[in-house]
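One structure is given below, encoded as structure tokens.
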Amino acid sequence: MSTDLITQTGMSHYDFLELLGFAWQVDSEGYDYAAKHYAPRFETPDLQQQAQDDGALRALYRKYRTTLQRWEDQTPDEEIEEIWSAHLQEAKERREAHLLWAVHPGGDWDYAAYSHAFESREEAEEWIEGRKRLTGKYSWGPWEGRLLHRDEPGGEWAEVPAA
């Protein structure tokens, strides 16, 4: 990955990737729609403020659009895909770090990547019941999801044994 271009922006890698994802949405949906529905979730307070102000966000996007494009041109597609997947995972973990309950949909996938986290055990159990209803309604076979819990925010997930 070309870190020189990222370093030149003065942004963290996380913030650079947030702006990159936003630029992709602008390319796909247009600026106004992207700003309304896909505004970047920066980690840096100054950039967080800019993302809340349409004029400042538009100026930030314009300022770095060429740099973002150069970074994409210098980075192999496979590497971009790996970097973006890792960024999405990190963003999910940051959003859910405080949550203690989760549901894993089944299979042997990584808990963090494929789970849905919840504020309470009750919310997680409601979600499970909803999946079970859908599974039965559409004859998808038995739902094999698992309830997960961790003792502290950001800790490791552990499977809750079935009652």
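Any read-out appearing in this document is the output of simple, stated calculations on the displayed coordinates, not a laboratory observation. Since the model is a prediction, treat every value here as computed from it, not as a measurement. Ideal geometry is used to build each Cβ from the backbone, glycine not excepted, and the neighbour counts take in all protein chains shown.
So for the range 86-95 (the condition being outside any helix (DSSP H, G or I), without any contact (Cβ under 8 Å) to a residue 60 or more places away in the chain, surrounded by 12 or more Cβ atoms within 10 Å (Cβ to Cβ) and within 21 Å of the chain's Cα centre (by Cα)), does at least one residue qualify? No. Is there a residue in the range 46-53 that is closer than 25 Å to TYR33 by Cβ and of a type in the set (Gly, Ala, Ser)? Yes, because at least one residue in the range 46-53 is closer than 25 Å to TYR33 by Cβ and of a type in the set (Gly, Ala, Ser). Could you check, for the range 99-119, whether at least one of its residues is more than 15 Å from the chain's Cα centre (by Cα), surrounded by 14 or more Cβ atoms within 10 Å (Cβ to Cβ), free of Cβ contacts under 8 Å to residues at least 40 places away in the same chain and not in a loop (DSSP other than H, G, I, E, B)? Yes: the range 99-119 contains one or more residues that are more than 15 Å from the chain's Cα centre (by Cα), surrounded by 14 or more Cβ atoms within 10 Å (Cβ to Cβ), free of Cβ contacts under 8 Å to residues at least 40 places away in the same chain and not in a loop (DSSP other than H, G, I, E, B).
Restricting LEU148, LEU134 to those that are free of Cβ contacts under 8 Å to residues at least 60 places away in the same chain, crowded, with 16+ Cβ neighbours inside 10 Å, over 20 Å from LEU88 (Cα atoms) and of a type outside the set (Gly, Ala, Ser) reduces the list to LEU148.
Take GLU144 and decide whether it is over 21 Å from the mean Cα position of the chain (by Cα), under 24 Å from ALA97 (Cβ atoms) and either in a strand (DSSP E or B) or among the charged types (D, E, K, R) (or both). Judged against the criteria, GLU144 is not a match.
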